[in-house]
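A short write-up of the structure that comes next.
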Amino acid sequence: MSLRPSSQTSATMARVDTPSHAILIVVVLLLLLSLSPSRPDPDLLLDYCVADLAAQTFHLNGRPCIDPNLARSAHFATSAISQPNVAASTALFGFSVTTTNATTLPGANAQGLAMARVDIVGGGLVPPHAHPRASEAALLLRGALLVGFVDTSHRLYTQQLRPGDTFLFPRGLVHFLYNLDPTTPAVVLSGFNSQNPGAQLASTTLFRSDPRFPEEVLKKAFKISGEDVQRIQRNLGG
């Protein structure tokens, strides 16, 4: 009795195996696609790329580089975020942000990172916002904060921070920082994994856009009246 599979059986086995290989390929491709955005900024192929602040050439990511032989230690140091930003006291929500950039820290150009100092007055708020190109690690230096973010399943994560505590805001997710002390300012040092993380405040993005967001869209989205839309716009300085 022959134990060899018939030609019909072999064909059937081939048809059964093919989908499994196709599924494996699809899974691998999906994994590669899911991992590819994990680095917001492209990797640098040099040790550093000190920004050429005099160059007028447009570059998609970062600024053009100076001759590496012209680099100095001063290009990699800055005191831009060492002092409080007094604008926080008069700002709409009671906060101000001072960031490092290619102008204040030329040596950070194309390194895929940025730092920011956030000053929040007593009772002040960094309202719900998102950074489309970076995750943020926020270190509380002074004060008492309530922080949190909402994920894409509408789950809210909150944490009360004391000086020395750090909280992570994942890339692109809406988050906030609220100063719990009504009289004492808070200071936060944030690090971003992008040279230009960007920021979109939910309230001002929707109610202070230029030109104006369609009023009917806002009314239907928030289940409010036209009078409510106009009142919010006025309250936000629009």
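Within region 101-116, the set of residues being open to solvent by less than 30 Å² (accessible area, probe 1.4 Å) and under 15 Å from the mean Cα position of the chain (by Cα) comprises 112, 114, 116. For region 152-161, the set of residues classified as surrounded by 14 or more Cβ atoms within 10 Å (Cβ to Cβ) and under 18 Å from the mean Cα position of the chain (by Cα) consists of 157 only.
Residue-level check: of (1) loosely packed, with under 11 Cβ neighbours inside 10 Å; (2) under 30 Å from residue 186 (Cα atoms); (3) at pLDDT below 90, residue 46 misses just (2).
Among the residues of region 131-146, those identified as under 12 Å from the mean Cα position of the chain (by Cα) and either charged (D, E, K, R) or in a loop (DSSP other than H, G, I, E, B) (or both) are 131, 132, 133, 134, 135, 136. Could you say whether any residue in region 175-197 is modelled with pLDDT of 95 or more, open to solvent by 40 Å² or more (accessible area, probe 1.4 Å) and on the phi > 0 side of the Ramachandran plot? Checked region 175-197: no residue is modelled with pLDDT of 95 or more, open to solvent by 40 Å² or more (accessible area, probe 1.4 Å) and on the phi > 0 side of the Ramachandran plot. Every test in (1) modelled with pLDDT of 95 or more; (2) surrounded by fewer than 13 Cβ atoms within 10 Å (Cβ to Cβ) is passed by residue 218 save one, and that test is (2). Examine region 138-147 for a residue that is open to solvent by 40 Å² or more (accessible area, probe 1.4 Å), in contact with a helix residue (DSSP H, G or I) (Cβ under 6 Å, 6 or more places away or on another chain) and closer than 19 Å to residue 95 by Cβ, and state whether such a residue exists. Checked against the condition, which is being open to solvent by 40 Å² or more (accessible area, probe 1.4 Å), in contact with a helix residue (DSSP H, G or I) (Cβ under 6 Å, 6 or more places away or on another chain) and closer than 19 Å to residue 95 by Cβ, region 138-147 yields no hits at all. Is it true that residue 164 is in contact (Cβ under 8 Å) with a residue 24 or more places away in the chain, at positive phi and open to solvent by 50 Å² or more (accessible area, probe 1.4 Å)? Taking the combined requirement at face value, the residue satisfies it.
Against the test of being part of a helix (DSSP H, G or I), surrounded by fewer than 17 Cβ atoms within 10 Å (Cβ to Cβ) and among the hydrophobic types (A, V, I, L, M, F, W, C), the options 55, 74 yield a single qualifying residue, 74.
Highlighted here are the strands (runs of 3 or more DSSP E) found entirely within region 152-202 that include at least 3 residues which are within 14 Å of residue 117 (Cα to Cα): 186-192. Only a single item in (1) over 23 Å from residue 112 (Cβ atoms); (2) open to solvent by less than 90 Å² (accessible area, probe 1.4 Å); (3) not in a loop (DSSP other than H, G, I, E, B) is not met by residue 93, and it is number (3). Residue 233 meets the stated requirement of being within 23 Å of residue 123 (Cα to Cα) and out of contact with any strand residue (DSSP E or B) (no Cβ under 8 Å at 6 or more places or on another chain).
The values are calculated or read from the model by the stated rules, or taken from the named source; none is laboratory data. Bear in mind that the values here come from a model prediction, so they are computed numbers and not experimental data. All Cβ positions, even for glycine, are placed from backbone atoms using ideal geometry, and neighbour counts span all protein chains on display. Surface accessibility is based on the protein's heavy atoms, side chains included, excluding ligands, DNA and RNA. Shrake-Rupley method; radii C 1.70, N 1.55, O 1.52, S 1.80 Å.
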